[in-house]
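Worksheet: the structure to be examined is printed underneath.
The values are calculated or read from the model by the stated rules, or taken from the named source; none is laboratory data. Predicted, not measured: the structure shown is a model, and the values here were computed from it. Ideal geometry is used to build each Cβ from the backbone, glycine not excepted, and the neighbour counts take in all protein chains shown. Surface accessibility is based on the protein's heavy atoms, side chains included, excluding ligands, DNA and RNA. Shrake-Rupley method; radii C 1.70, N 1.55, O 1.52, S 1.80 Å.
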Amino acid sequence: MPRKAKTKMRSVPQRAAQTLVTPFVGFGDVLALVDFETWKTGKRKRYRALLYAVFAALAACARVKPFTAATFLLADYEANRLEALNNVRDRRYPVVLLAAAVEVIEAYLKERRDLGIGGEHLLVDENGAPLVYSRIYLAFDQLSERCGHFGGKIVERLIEFHDLQLEKERKRRKPDLAACVALRHGRRGPLDKWQARAEIYAAAGDRARMLDVLDRNHDLGGASGKSVGGHGRAKALETGRLFSPPKLARRLTPGIRNDKVCARLLDFDWPKGKEAQVDERRNIVKADMPHLVWLLDEHKINRSDLRRILNCSMGTVRRHELVHRRSLESEDERRERERVEADWRDKAPALYLARPLGEPFPDFHARIAAEEKYPFGRAVLSATLKYAGVLPYQVARRQKKKHVGIKRKVQIRGVTVKEMGVHEDGKQRSEGYEGAPERSQDTENTQFRHNSIVLED
C-alpha cells in the first residue's frame, strides 16, 4: 500500500500579548513597519504614512535614527553621499541603503513631487519645512500603544534588528568584520574589539564593499520588489507578531477590493484642504451612495469601510447614509416615521426619569427595547434624552449644582464617600465609608438623585 503523502501545515504566527516592554521585532514586523499601509490609519494622509515608513526603513536597513534622518538633504540622497555622524569619535560614516529602503524612499519622493512639496531636506512636512524628530518618535509610540505594547522604543528595536542581521557575517569562512563595524557607524561590539580603526576606516571608504556585506546578510536584501508592496504585505501577514496588518486599526472587509466602486474609491487621491474634500465627498455621495448602501445591506462592507472610503468620521458616514435612506421613503412612510419619532420624543424622557435606581444607560436601552418595543438604537436614544434635558448633568446644571459621578471618591465634610442613594422611606444612606465617622443628620445642602452626588458650589 503506498504511503500517504504528508500535508504541509500552514504556520500561523502567534500574536504577542499586551506588554509593558515592546518585544523584539521580527522579520514580519519590520515588513509591516516599512509598508505605508500600516501607518495609514484614521485621518492620517498618504504622505504622512509614506514619511513614517521611510523612517522605519532607514532604522531597520541603515541604522539611522529619526533625529539623524531629519537632517539629511535631498541633494545628498540624489548624489548617494548620505552620511551619519558618530558622536563618540566625531567621525562621519556613509549610509548604505538596500534596494528595499530605496524603494520606500522613492515612493515617498514620488508622492512629494505629485503634491508639489518643496524644501531642501530629504524628509519634510506638508509645508516643506524640516521635521521635528520628537513628533516622529511620538508617532512610533502611538503605533506601539495601538498594537498593545506600551513600552515604546520601536526605533531601538529596529536598530537591534539591523545589528543582529550583521552577526550572520561571522558564520562565513572569511568574514568581513571591519565592514560590519563600519555599517554600525563605528560601534564595535564585544567581539570586535580587536578590529583596528584603520581597517574600519578603509572599509567605510568603500560603499560597494559595505553594500555587498549588508545585502548578503540582511533579510530585506536582494532586488527591489521582494520586500515592499504586495509581496512584503503578504509576508508580514504570515510572519508578523506585533505590527502585522490584522493587528492594526485598518481592518477592511476581505471582499471590498473585489468591488470596482470600492476599489476605485480606496485609491482616490483626496485633494488638500477641508473645503475641497467636502466638495469631492459630496460628488461621490451623489454618484455612488446607492451602491454603497446596497453593499452595506448585503453585509459585504461595514460602516468602518465606508468611513475609510469616504475619508470622514463615523458621524458623517451615518448622516450621509440616513439622508440617502430617507430619500427613498414614500410619503406615507415618511409620515409614519415622523409620527413614531414624535411619540418617542415625549415617551423616552419620561421612561428615563422613572427608571430603577442606578440602572445604567445601556441596560435602560435594552429594557425599553424589549418591554416597550423601542425601535431606535442607543445613539438616537442618547440624542433624544440630551435634547429633552433629562440627563443628570443637565439637571444639575439647571439647578446650579455640581454633579459628581458615583464612581469617583469625593470629600464631603471630611468623609470619603464612594456611593450614595436613598432608602425606600426617603431617608438618606451612604456606602463605602473608609474609616470615617458617622454622618450628621444635617444634609439639607446634599441631594441624591439616580445614584449621583449633587453638591452645591
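Segment 93-159 and segment 166-234 have their alpha-carbon centroids 22 Å apart. Taking label points 7 Å from Cα along the Cα-to-Cβ direction, Leu357 and Asn258 give a separation of 5.7 nm. Each residue, Asp215 and Ala350, gets one label point 7 Å from its Cα in the Cβ direction; the gap between the two is 8.1 nm. Using heavy atoms of the protein chains and a probe of 1.4 Å, the accessible area assigned to Asp343 is about 80 Å².
Neighbours of Ala388 by Cβ distance under 10 Å: Lys/Arg scored +1, Asp/Glu scored -1, total +1.
The mean sequence separation of alpha-carbon pairs under 8 Å and at least six residues apart, normalised by the residue count of segment 120-174, gives a relative contact order of 18 percent. Given a Förster radius of 35 Å and the C-beta distance between Arg367 and Val278 as r, what FRET efficiency does 1/(1 + (r/R0)^6) yield to the nearest 0.05? Result of the calculation: an efficiency of 0.30. The H on the amide N of Asn86, modeled in the peptide plane, is under 5 Å from the matching H of Arg91, Arg92, Tyr93, each at least 5 residues off or on a different chain.
Summarising the amide proton neighbourhood of His121: residues at separation of 5 or more, or on other chains, whose placed amide H is nearer than 5 Å comprise Leu74.
Other residues within the sphere of radius under 10 Å centred on the Cβ of Phe361, judged by their own Cβ, net out at 0 (K and R +1, D and E -1).
Note on Arg197: accessible area is roughly 50 Å² with a 1.4 Å probe, heavy atoms of protein only. Rounded to the nearest 10 square angstrom, Glu338 shows an accessible area of 80 square angstrom against a 1.4 Å probe.
Taken along the Cα-to-beta-carbon direction at a fixed 7 Å, the label points for Ala287 and Glu145 span 3.9 nm.
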